[in-house]
């Protein structure tokens with residue numbers, strides 16, 4: 001990143017914390033192979049890159065967060081950090097996210113979607129600042145000079161279509177948390193060969209298609225349930241109807257209809273017409 005300054009800092013310093021822009025990105029479990037390998041690499045080779053954070057010590061990208069956590073676990077006295085100006089936070093986050101080679105394109109699009117609009121706002125402010133200073137050519141990373149969300153997507157290695165699919169998946173997950181709990185870990189899984197089918201990463205398109213199939217299955221189950229309830233109601237109606245006084249029956253029907261919408265009343269009348277028609281037809285056939 002341009003305009004960053006590097007220094008050393010105690011990783012256990014009070015106030016160091018992940019920035020809000022990466023809180024939606026799951027962190028590696030402490031006992032995961034990837035975190036164990038990271039701690040081992042830091043012990044043997046030191047830091048390969050500084051931890052990116054704001055002047056307020058907010059860590060702005062997920063890989064920096066994992067390096068910071070590993071340093072704390074190893075009780076290191078100091079770590080290298082690069083300070084990112086507040087106006088470049090989301091740009092830095094997206095730039096680092098695009099470098100996460102262990103993630104699929106679908107995973108990167110999913111993690112990037114919540115902040116791409118903010119990144120565009122940063123880029124537009126950056127361009128306006130350059131114009132004010134009389135700079136003809138904007139400087140900085142590609143994300144920081146982007147003029148559209150589609151251009152930001154292209155700069156982090158994903159397509160605009162994939163970003164639209166990411167928006168759809170976020171909408172699905174917001175609507176169905178249980179489906180999110182089931183599918184998000186697979187979306188963010190690492191594409192390592194030889195996995196069991198249930199552990200392989202899935203793409204955004206597969207999640208959208210899977211949810212559509214699930215919705216159809218849920219509707220079919222709901223339809224079957226409604227038919228079962230209607231069947232039970234008809235049985236009870238046929239048993240009880242001969243025993244109910246007409247005036248009392250009219251009062252009950254009127255009370256029920258009073259609480260229904262015109263559309264619901266029309267549907268009830270249509271169903272009642274079917275009952276009358278079938279009853280008359282059957283009665284005529286038995287005479």
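The values are calculated or read from the model by the stated rules, or taken from the named source; none is laboratory data. All values derive from a computational prediction rather than experimental measurement. Cβ placement follows ideal geometry from the backbone for every residue including glycine, while neighbour counts extend to all protein chains displayed.
Going through (1) touching a helix residue (DSSP H, G or I) at 6+ places or on another chain (Cβ under 9 Å); (2) closer than 26 Å to residue 183 by Cβ; (3) not assigned by TED's automatic domain parsing to the domain that holds residue 190 one by one, residue 53 falls short only on (2). Restricting attention to segment 168-183, which residues are part of a helix (DSSP H, G or I) and surrounded by 15 or more Cβ atoms within 10 Å (Cβ to Cβ)? Of everything in segment 168-183, those that are part of a helix (DSSP H, G or I) and surrounded by 15 or more Cβ atoms within 10 Å (Cβ to Cβ) turn out to be 168, 169, 170, 172, 173, 179, 180, 183. Residues in segment 256-287 that are in a helix (DSSP H, G or I) and over 21 Å from residue 231 (Cβ atoms): 257, 258, 262, 263, 265, 266, 284, 285, 286.
Would you check if there is a residue in segment 71-79 being assigned to a loop (DSSP other than H, G, I, E, B), in contact with a helix residue (DSSP H, G or I) (Cβ under 9 Å, 6 or more places away or on another chain) and within 20 Å of residue 22 (Cα to Cα)? No, because not a single residue in segment 71-79 is assigned to a loop (DSSP other than H, G, I, E, B), in contact with a helix residue (DSSP H, G or I) (Cβ under 9 Å, 6 or more places away or on another chain) and within 20 Å of residue 22 (Cα to Cα).
Matching residues to (1) surrounded by fewer than 18 Cβ atoms within 10 Å (Cβ to Cβ); (2) at pLDDT 90 or above:
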{"residue": "16", "(1), (2)": "no, yes"}
{"residue": "27", "(1), (2)": "yes, no"}
{"residue": "70", "(1), (2)": "no, yes"}
{"residue": "75", "(1), (2)": "yes, yes"}
